[in-house]
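Asker: Pasting a structure here, questions to come.
The values are calculated or read from the model by the stated rules, or taken from the named source; none is laboratory data. Not measured: the values here are computed from a predicted model. We place every Cβ from the backbone using ideal geometry, glycine too, and count neighbours over all the protein chains shown. For the accessible areas, the whole protein counts, side chains as well, though only heavy atoms, and no ligand, DNA or RNA atoms are used. Shrake-Rupley method; radii C 1.70, N 1.55, O 1.52, S 1.80 Å.
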Amino acid sequence: MTRLRIALVGAAGRMGQAVLGVAESEGVEVVARTDLGDKIALADADVLIDFSHPDASRSICDAAIKSKIPLVIGTTGHSTKQRDEIAAVAKQIAVVFASNFSVGVNALFALTEQAAKVLGGDFDLEIVETHHRMKKDAPSGTAKTLAEILQRACNTKKLRHGREGMIGERERSEIGIHSVRGGDVVGDHSVIFAGQGERVELTHRASNRETFARGALRAARWIIGKPAGLYDMRDVLGL
Ligand code: NAD
């Protein structure tokens, strides 16, 4: 089997460091690494992996298109415009864009969809995510994906980001999203289905970043040779 060669953006960050560590243990060659202030370098990489900041999105997309190499995007917090740009780029090259690369969280996505179909009509839906104090975007990309899954399954659109003051009774159709920040929490996500006399809670807790890094490298191996298109981790895992 030929050795996977990756270019990495955000190499100095927490996730960048985790990818470098897992790459070394899995025999993946890191042929280019860039961070804030650097020009995106690709060298002769098979795949470009991004764990940086949405501000880098445009130049990452331009670099990948210019060299026609597939892109694995793990960065979260993009604006609608940036997401549209990524979707446009995916018409020319293969892109895996995943708010969470862990296998466990992708199982949580599938379980949430199933539970929402059974319970969604009668139960109140709330999402709670907890992350370390340094996290820049809120709610997390994973919480947004969970909200999209609930919205699709229950045909409801209204999201309520936190609550404060005399806001009155909870509306049946809303989906609450709450972000807790503190310490060094790698990432916890809970979906709560609260009904009359009973409550179902689905929770995933990540205890290290290697799980995301391993998933990103799995996505990088999977995407080589795939036709242009916008894929997510469920495609990579065949779910
Ligand atoms: P971090 O702040 O530790 O690292 C980000 C790195 O990107 C830093 O080294 C920073 O200097 C660099 N950077 C910032 N702006 C840049 C730019 N314009 N160009 C190039 N480099 C730039 O953050 P982190 O905890 O490593 O997370 C990085 C991203 O990955 C975040 O968006 C986070 O939400 C996301 N994330 C995704 C997953 C997933 O599974 N998809 C998992 C964890 C984190």
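Asker: Within the stretch 61-91, can you find the residues that are in contact with a strand residue (DSSP E or B) (Cβ under 7 Å, 6 or more places away or on another chain), within 13 Å of the ligand (Cβ to nearest atom) and part of a loop (DSSP other than H, G, I, E, B)?
Answerer: 74, 75
Asker: Based on this model, can you work out whether residue 205 counts as closer than 30 Å to residue 17 by Cα, open to solvent by less than 60 Å² (accessible area, probe 1.4 Å) and basic (Lys, Arg)?
Answerer: On the way: closer than 30 Å to residue 17 by Cα: yes; open to solvent by less than 60 Å² (accessible area, probe 1.4 Å): no; basic (Lys, Arg): yes.
Against the criterion (closer than 30 Å to residue 17 by Cα, open to solvent by less than 60 Å² (accessible area, probe 1.4 Å) and basic (Lys, Arg)), residue 205 does not qualify.
Asker: Looking for whichever is in a helix (DSSP H, G or I), within 14 Å of the ligand (Cβ to nearest atom) and either open to solvent by less than 50 Å² (accessible area, probe 1.4 Å) or touching a residue at least 12 places away in the same chain (Cβ under 8 Å) (or both) here; the options are 101, 109. Which one fits?
Answerer: On the way: 101 fails: in a helix (DSSP H, G or I).
One residue alone meets the criteria, 109.
Asker: Would you be able to say whether some residue in the stretch 188-211 is within 13 Å of the ligand (Cβ to nearest atom), within 19 Å of residue 109 (Cβ to Cβ) and part of a helix (DSSP H, G or I)?
Answerer: Yes, the stretch 188-211 contains a residue that is within 13 Å of the ligand (Cβ to nearest atom), within 19 Å of residue 109 (Cβ to Cβ) and part of a helix (DSSP H, G or I).
Asker: Can you list residue pairs whose Cβ atoms sit under 7 Å apart, with the first residue in the stretch 23-34 being closer than 12 Å to residue 10 by Cβ and in the same structural domain as residue 219 (by TED's automatic domain parsing) and the second being open to solvent by less than 40 Å² (accessible area, probe 1.4 Å) and among the aromatic types (Phe, Trp, Tyr)? Count only pairs 6 or more apart in sequence or on different chains.
Answerer: Going by the 7 Å Cβ cut-off, there are no qualifying pairs.
Asker: Whether any residue in the stretch 140-163 is within 16 Å of the ligand (Cβ to nearest atom) and assigned to a loop (DSSP other than H, G, I, E, B) is what I want to check.
Answerer: For the stretch 140-163, residues within 16 Å of the ligand (Cβ to nearest atom) and assigned to a loop (DSSP other than H, G, I, E, B): present.
Asker: Sort through 150, 119, 125, 146 and tell me the only one that's open to solvent by 20 Å² or more (accessible area, probe 1.4 Å) and either more than 24 Å from residue 50 (Cβ to Cβ) or touching a Ser or Thr at 6+ places or on another chain (Cβ under 9 Å) (or both). Lay out the reasoning, then the answer.
Answerer: Numbers: 150 fails: open to solvent by 20 Å² or more (accessible area, probe 1.4 Å); 125 fails: open to solvent by 20 Å² or more (accessible area, probe 1.4 Å); 146 fails: open to solvent by 20 Å² or more (accessible area, probe 1.4 Å).
So the residue among 150, 119, 125, 146 that is open to solvent by 20 Å² or more (accessible area, probe 1.4 Å) and either more than 24 Å from residue 50 (Cβ to Cβ) or touching a Ser or Thr at 6+ places or on another chain (Cβ under 9 Å) (or both) is 119.
Asker: If a residue has to be among the polar types (S, T, N, Q) and either in contact with a Cys (Cβ under 9 Å, 6 or more places away or on another chain) or open to solvent by 20 Å² or more (accessible area, probe 1.4 Å) (or both) to count, how many in the stretch 45-63 make the cut? Give the steps one after another, and end with the answer.
Answerer: In the first step, residues of the stretch 45-63 are kept if they are among the polar types (S, T, N, Q); the result is 52, 57, 59.
This time we only want the ones that are either in contact with a Cys (Cβ under 9 Å, 6 or more places away or on another chain) or open to solvent by 20 Å² or more (accessible area, probe 1.4 Å) (or both), so: 52, 59.
Number of matching residues: 2.
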